[in-house]
Ligand SMILES: Cc1cc2nc3c(=O)[nH]c(=O)nc-3n(C[C@H](O)[C@H](O)[C@H](O)COP(=O)(O)OP(=O)(O)OC[C@H]3O[C@@H](n4cnc5c(N)ncnc54)[C@H](O)[C@@H]3O)c2cc1C
């Protein structure tokens, strides 16, 4: 446990030290905000083989990480830059290819293990005097007073919005409580914020594989009626598999022995990377999408999966959460700099205005994509395949799509 202050009174308390919570804290590192980050689990140790949870981090996030020195870490060598994306429809001839060279960019993004990115962010945060990282610590209680703003005609600077009791019995007070505590957010519950959740009745089967042919620093994505299958390039020639499947199919693939699974996987990926030589342990993640009604209350803000989560088919969930983290940090920093009430509802609503529409649009697009490619119907398949190939031949449209995904 690292603890830099014992006063227990902080400007900002961040619940959750996942990618999003740490990205937010990192933005405030070295600022005049006093910050505590509470995380339940110790960071997973790194091993020679890559971890199974990885994320494709877009250029917009990488630019900010560059500016704050996160990418200077020697651990950045564990990330794999991807230069191309190749997407195809298994039911026809439709395909589309995105190439960083055609966009005049050195890469389209980085694929990195979640625990490695978290370690890089944490190392940066630990170098700052204004941030305390409390881990492993569980939240026992959040006492949030939503009524205090009314009583005091605006969020008066210096007034705590929440008191948090930790498993160590330590109590912390926060002028801003930032909920980066994932899909089952306790901060969301404390703020009495509703979330509309829609399960997909699908699971993502995730593992890493070594293949007989190089991944060519390309993200490969195959759309099948049962769901998308992605091969994302990792360091040392490994690839990360994210295979979205109906629940019964996912269970069936989990029950296969290693050799049978390798054969099924190579065939599903149409041998684009040759034979599957090795596979790691397989994991299943239930898939759902959901969005909260409000991102903010007075002295309370939700970021990342605590506010919204989407289908992983385009690898955008973490990127949206990271963009939330940057936006919230910008809003409170600017407000404090100009002497405004930085944790007041009207200030935090600026953050909500910046992010909610963009996140909703991405959620709708992912659901639309999933449904479009989920049709096992010859007519729809023909239109879909023609559409993919058409977009591939209209550079302006094609690059508009990719630029949105890259966040540039
Ligand atoms: C299979 C799969 C593949 C994906 N691939 C990609 C991808 O390629 N690119 C991409 O952008 N996104 C991807 N995503 C989405 C991405 O993983 C999530 O959007 C992202 O991890 C959310 O980060 P977060 O920090 O908001 O939440 P989490 O990662 O859920 O972190 C929340 C943290 O809060 C902690 N916590 C929770 N409750 C408490 C508590 N009470 N007390 C203390 N600590 C607490 C947890 O321990 C955890 O560390 C994928 C998702 C899945 C399921």
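Just so you know, all these numbers are worked out from the coordinates, no wet-lab data involved. Everything numeric in this text was worked out from a predicted model, so none of it was measured. With ideal geometry, Cβ positions are generated from the backbone for all residues, glycine too; neighbour counts draw on all protein chains shown.
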Taking Cα pairs under 8 Å and at least six residues apart, what relative contact order does the range 214-295 come out at, in percent? 19 percent
Between rounded, prolate and oblate, where does the range 14-58 land on the alpha carbon gyration tensor, with a ≥ b ≥ c its root eigenvalues, rounded for a/c under 1.5, else prolate if a/b exceeds b/c? prolate
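Starting from 0.36 nm per residue, how many nanometres of slack lie between residue 284 and residue 105 once their C-alpha separation is accounted for? Could the numbers behind the result be given before it?
Numbers: separation 179, 0.36 × 179 = 64.44 nm, distance 3.42 nm.
This chain segment gains 61.0 nm when fully extended.
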Geometric extent, Cα atoms of the range 45-91 - Rg, Dmax (angstrom): 14.0, 45
Between the range 279-314 and the range 18-83, how far is it from one alpha carbon centroid to the other, in angstrom? 18 Å
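Multiply the residue gap between residue 217 and residue 9 by 0.36 nm, knock off their C-alpha separation, and tell me the result in nm, one decimal place. Kindly include the intermediate steps, with their values, before the conclusion.
Working: separation 208, 0.36 × 208 = 74.88 nm, distance 4.67 nm.
So the chain would gain 70.2 nm between residue 217 and residue 9.
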Along Cα→Cβ, 7 Å out, is where each label goes; now give me the distance between the ones at residue 272 and residue 249 in nm to one decimal. 1.6 nm
Order of 107-119, 128-140, 291-303 by packing, highest average Cβ count within 10 Å first? 291-303, 107-119, 128-140
From fewest to most C-beta neighbours within 10 Å, the residues 86, 98, 326 line up as 86, 326, 98
Distance in nm between residue 197 and residue 81 label points, each 7 Å along Cα→Cβ, equals 4.0 nm
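Can you tell me which of 37-50, 71-84 comes out highest on packing, and rank the rest after it, using the mean Cβ neighbours within 10 Å? Kindly include the intermediate steps, with their values, before the conclusion.
Numbers: 37-50: 15.4, 71-84: 17.3.
Descending mean neighbour count gives 71-84, 37-50.
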Extension gain from residue 337 to residue 189, taking 0.36 nm per residue of separation minus the Cα-Cα distance: 50.2 nm
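Among 200, 65, rank each residue by its count of other Cβ atoms within 10 Å, from fewest to most, as a rough exposure measure. Numbers along the way, then the final one.
Working: 200 18, 65 23.
With the fewest neighbours first, 200, 65 line up as 200, 65.
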Per the 1/(1 + (r/R0)^6) rule, R0 = 56 Å and r from the Cβ atoms of residue 257 and residue 346, FRET efficiency to 0.05 is 0.40
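Does the range 256-322 classify as rounded, prolate or oblate by the C-alpha gyration tensor (a ≥ b ≥ c root eigenvalues; a/c under 1.5 gives rounded; else a/b over b/c gives prolate, otherwise oblate)?
On the way: a/c = 3.90, a/b = 3.21, b/c = 1.21.
Because a/c hits 1.5 or more and a/b exceeds b/c, the range 256-322 counts as prolate.
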Starting from the 7 Å offset along Cα-to-Cβ, what nm value, one decimal, do you get for the label separation of residue 41 and residue 95? 3.7 nm
For the residues 362, 254, what sequence is obtained by ranking on other C-beta atoms within 10 Å, fewest first? 254, 362
